[in-house]
Structures are given as C-alpha cells and as structure tokens.
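A short worksheet on the structure shown next.
The values are calculated or read from the model by the stated rules, or taken from the named source; none is laboratory data. All of these numbers come straight from a predicted model, not from anything done at the bench. Because the Cβ atoms are built from the backbone with ideal geometry, glycine has one as well, and the counts that use them run over all protein chains shown. Just the protein is used for accessible areas: all its heavy atoms, side chains included, with ligands, DNA and RNA removed. Shrake-Rupley method; radii C 1.70, N 1.55, O 1.52, S 1.80 Å.
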Amino acid sequence: MVLGALISPALVQWSFLLCGSLGFVLLWQAAKLIDRLWWHPRRLERALRAQGLHGTSYRFLVGDVVDYERRSKAAPSRSMPLRCHNIAPLVAPLLHDIVREHGKACISWFGPYPKVTISDPDLTKEVMSNKFGHFEKLKFPALSRLLAGGVATYEGEQWVKHKRILNPAFHLEKLKLMMPAFSTCCQELVSRWTLSLGSDGTYEVDACPEFQRLSGDVISRTAFGSNYAEGARIFQLQSVQTPRLLARVKKIIIPGYLSLPTKNNRRMSEINNEIESILLNLIRKRMQAMQEGENTKNDLLGLMLESNMRGTDENGQCISGMTIDEVVEECKLFYFAGTETTSILLTWTMVILSMHPEWQDRAREEVLGLFGKNKIEHEGFARLKTVTMILYEVL
C-alpha cells in the first residue's frame, strides 16, 4: 500500500506529461494543416490580387475542382457546328469561362494551389524565356510517382543535368536512325485499315484511339527497339493508369489520399509497380549489352544510357549521371508526354482536312508527286511544303 502510494503520483505525473506532449503534437500538426489548407492559400490570393490579377476565389480544400469536374462532364453533351474551330468551351470549359470573365492573365485553384493562367502570347513568351527561376512548377509527388516524373517535374540544377543528358538522343542525326520504325508503324496502320474496307470500298474509323495506338507503337519501337513487345505493355498499362487518376482528380487534392488502401489506389500501385518492373528489367539488360560491346544506340533508351554513362554532355562538359530510378522516370515520361500529344495532333489534322477536302487533295498530290509509292525518306521531308503548312496551321 505504501509502495502504491509512492508510485501512483509519479505515474499520474508522467501520464499528464505524455498526454500533454501528445496533445501539443496533435495541435501543432492541426495548425500546420489549417495553415496549408486555408491561411497560406488566402495569403497567396491576397498577394496575387494586389498585383492586379483577377479570378475565382479560393474555396476550402477543393478550390475549383468541383466546378471543373461538373463542367467537364457536361461539356461532351454539347455539339459543335461543322467547320467550327472553337474547341475551348468543350475541352476546357471552366478555364475558358474564367479567362473570358477575368482576362488573359487570371487566377484559378487546383485544390489549395493557385494557378495563374496566361493566354496572352507576348506575356507567355516572357514567362517561358525567363531565366531567373521565379516560375515554379506545381509539385504533386504522389501523382508523379504513379504517372510520370522525370525532366518535366524537375527544376534548377536537376533539370539542367537531365536536359543535358537527354538532349543528344533528340538530335536530327539520331532521329534519322528511327525512320524505319516510324515507317513500319505507319504501314501497319494503313494495312489494318485497308483490310477493314467493306465491299463498297469504305470503312468508318474512330481515328483518335487508332492514333493513340499508333503513337504508342512508335514510342515502343523507338524507345526500346528489339524489346518492342515489353514497351507496348508499358503503353497498355499507362493507358489504364491515366483515366484512373483523372477520374479521381477531386480526391487527389486531399492530403494523403493516394496513400489510403482503397481498391483503386491499390490497383494504381500495382500498375505502377508492373511498369517500373518492366522498365528496370529492360534497363538492366540494355546496360549489360552495352558493357559487352553491343551496338544499342539506335533507340532512345540506348542513346540515353550511352549519354548517361559517358559522363559528359553534348558540349563535352562533365555531368554526373542519372540514377536507375531517374532513368525509369524518364522512360515513363516518354510515354505519358509523347502518346497523347502526338495522337491528338494527328486526329485534329484529320478533322481539319475533312473540313477542307481541297487541302486534303493538295497534300495527297504533293506526297505522291515526291515519293510515289516508295517509302518516305528523311531527306524528302524538307520538300513537303503543303503538308508542313497544314501541320503548322493545325497547331
């Protein structure tokens, strides 16, 4: 009894101290969370408005994400007149309305993060050519990990290093080596369409998914060469991953959401793990082949690894190489950045040529006049004046 009486006050004191410390930590974390989700966005909003910018007001946690999701769902139900080029209200309805209401430099919100949209060409040029580093990229590490990181997400010295390593792979002389792969993919597409022609000599095709497949095939062949089948599997997996992430854009802004063990989050992690496993296997096999003296410089992976292992950039300056994980992220970025952009350009080109069949005829006559039914060679591209004009106009 005496011992219990002596120990109890000490235990009580320690319990109070532990509970107090725990309570302080929880309050501190809660205060940091409130600052991140409310006070910090409000301070940024006041600072931006003080500079003369207008736009939507910040709404706790969600920002404009709910409006973005609602309008994006409603937009496809609206039709667009034939020969109309005003696609902005359909593909970016919320952004289109914000720019129209608040001007060519305006504020919107992706969750608690302010986004300044600039649609004035002169101001855009000034921002893109700025060398002072004031314009930072939005950072969503969990999102980048599941989709693609790489040079698109880096800044400062890390961006410079990766750009120097990657640049040689995109030189004209290197791209010429990839012409056979481009030609093979295009021939397969045309052959597939030709075999699908009906008895009346016509075939209705949904061009967008066809061109997505084409651009995925091209990247698979040019990035991984003889390992084309494994590269194609990466394209298939990313095609599944991207819509899964976009469908949950409203929840992505919730801190820690992508770490929750939901069914969809687990599936996205499985897809990402499979992509990274395929890439790691490809990279290790390629590095072994390079060490054994094989010529592996005719595809993007080989060129990137060769540049990385050399330790100098295209100007002969010494640079430290990328880690294996960084090479994996760059490979993921090839697919994510290259597939959708190229397929949309090709699809919209076909739409515009369908609106203007006279230009379609002129382009066909130019190609047949220069090349006949032979394979298109790189040297002939410079003479495709009409086709070049059409692509610039579409862009």
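Looking at the range 144-181 only, could you name the residues that are of a type in the set (D, E, K, R), open to solvent by less than 80 Å² (accessible area, probe 1.4 Å) and touching a residue at least 24 places away in the same chain (Cβ under 8 Å)? Matches in the range 144-181: Lys161, Lys174, Lys176.
Exactly one residue out of Ser77, Ser108, Ser72 is polar (S, T, N, Q) and surrounded by fewer than 16 Cβ atoms within 10 Å (Cβ to Cβ), and it is Ser77. Pro141 meets each of the listed conditions (1) open to solvent by 50 Å² or more (accessible area, probe 1.4 Å); (2) modelled with pLDDT of 85 or more; (3) outside the structural domain of Phe334 (by the TED database); (4) farther than 24 Å from Gln51 by Cα apart from (2). Among the residues here, Ser215 does not qualify as among the hydroxyl-bearing types (Ser, Thr, Tyr) and without any contact (Cβ under 8 Å) to a residue 12 or more places away in the chain. Scanning the range 366-395 for residues being of a type in the set (Lys, Arg), touching an Asp or Glu at 6+ places or on another chain (Cβ under 9 Å) and under 20 Å from Leu175 (Cβ atoms) gives a total of 1. Checking each residue in the range 29-69 for being open to solvent by less than 80 Å² (accessible area, probe 1.4 Å) and either in contact with a helix residue (DSSP H, G or I) (Cβ under 6 Å, 6 or more places away or on another chain) or of a type in the set (Ser, Thr, Tyr) (or both) picks out Gly55, Thr56, Ser57, Tyr58, Leu61, Val65, Asp67, Glu69. Of all residues in the range 199-233, exactly one satisfies the criterion of being in contact with a Leu (Cβ under 9 Å, 6 or more places away or on another chain) and of a type in the set (Lys, Arg), namely Arg213. The residues in the range 288-308 that are at pLDDT 70 or above and surrounded by 13 or more Cβ atoms within 10 Å (Cβ to Cβ) can be counted, and the count is 12. Between Thr184, Thr222, the distinction of being in contact (Cβ under 8 Å) with a residue 40 or more places away in the chain and hydroxyl-bearing (Ser, Thr, Tyr) belongs to Thr222 only. In the range 110-128, the condition of being in the same structural domain as Val62 (by the TED database) and of a type in the set (Phe, Trp, Tyr) is met by at least one residue. Here is the figure for the range 111-137: residues that are of a type outside the set (D, E, K, R) and open to solvent by 60 Å² or more (accessible area, probe 1.4 Å) total 9.
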